[in-house]
Amino acid sequence: MYRYVGNISDLSHYIIKDFVLNKEVAIDATLGNGYDTDFLSSLFKKVYTFDIQKEACDNYSANKKDNVEVINDSHHLFKKYINEKVDCIMYNLGFLPGGDKSITTLHKTSLKSIKEGLEILKNGGIMTICIYRGHSEGKIEESCILEYLKTLPKNQFGVMVQTYLNRQEISPLLVVIEKK
Ligand SMILES: C[S@@+](CC[C@H](N)C(=O)[O-])C[C@H]1O[C@@H](n2cnc3c(N)ncnc32)[C@H](O)[C@@H]1O
């Protein structure tokens, strides 16, 4: 078992834990089974978590922590629900493992959400995006999200991509964006 080169989701947690200095407000843009929301709620004072699947929201709400607000709506509508700047935003794109594979994140709403997310991210804040390109919509998300992120001004945003070089070409990607 690898300590660092394990899975990109764990890696995103290490990066957030160590490099987001101000742990006030975070967003989980894709609640799913709630692992990332649980992680964020253990670190941040306030967490907003989004999912379009009512079942995911209801399941999580049944045992949620007091500092978590569950929003059963799409993550491209951040500004409809959040009136403050945030320190961290996490995306775990794609479909819920073990769930309905037809309910997946879509490139147009993912990109709109990322653009809006970067606007409400505080200076010093971090956004992480796990992209799973083993399915057709994931490949489209990969290309349009990376194309957009390449255009961000380097004096305002640092953007890094990590992936596995010695695995299949469709292995997942972790994108980390730090706002100066
Ligand atoms: C890979 S799963 C997330 C895994 C999750 N972070 C966890 O810890 O279990 C992706 C989730 O995104 C949700 N989703 C799809 N489109 C969405 C959208 N536009 N806004 C918010 N959530 C969306 C899906 O319903 C699914 O539950």
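The values are calculated or read from the model by the stated rules, or taken from the named source; none is laboratory data. The structure presented is a predicted model; accordingly, all values stated were derived computationally and were not measured. As a convention, Cβ positions derive from the backbone with ideal geometry for all residues, glycine included, and neighbour counts pool all protein chains shown. Accessible surface is based on the protein model in full, side chains and every heavy atom, while ligands, DNA and RNA are left aside. Shrake-Rupley method; radii C 1.70, N 1.55, O 1.52, S 1.80 Å.
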- Query: What are the residue pairs meeting all of these: first residue in the stretch 48-77, first residue touching a residue at least 24 places away in the same chain (Cβ under 8 Å) and closer than 20 Å to residue 110 by Cβ, second residue acidic (Asp, Glu) and surrounded by fewer than 20 Cβ atoms within 10 Å (Cβ to Cβ), Cβ atoms under 6 Å, and 6 or more apart or on different chains?
  - Reply: 48/69
- Item | Search result, residues across the stretch 80-108 that are open to solvent by 80 Å² or more (accessible area, probe 1.4 Å), within 14 Å of the ligand (Cβ to nearest atom) and not hydroxyl-bearing (Ser, Thr, Tyr) | 80, 97, 98, 101, 106, 108
- Residue check for residue 63: open to solvent by 10 Å² or more (accessible area, probe 1.4 Å), out of contact with any Ser or Thr (no Cβ under 6 Å at 6 or more places or on another chain) and within 12 Å of the ligand (Cβ to nearest atom): no
- Task: Mind listing whichever residues of the stretch 22-54 are open to solvent by 30 Å² or more (accessible area, probe 1.4 Å) and either at pLDDT below 95 or in contact with an Asp or Glu (Cβ under 6 Å, 6 or more places away or on another chain) (or both)?
- Result: 22, 24, 45
- Going through the stretch 109-148 one residue at a time, which ones are buried (at least 17 other Cβ atoms within 10 Å of the Cβ) and among the basic types (Lys, Arg)? 133
- Kindly provide the set of residues from the stretch 143-165 that are more than 15 Å from the chain's Cα centre (by Cα) and among the aliphatic types (A, V, I, L, M), ordered by number. 152, 165
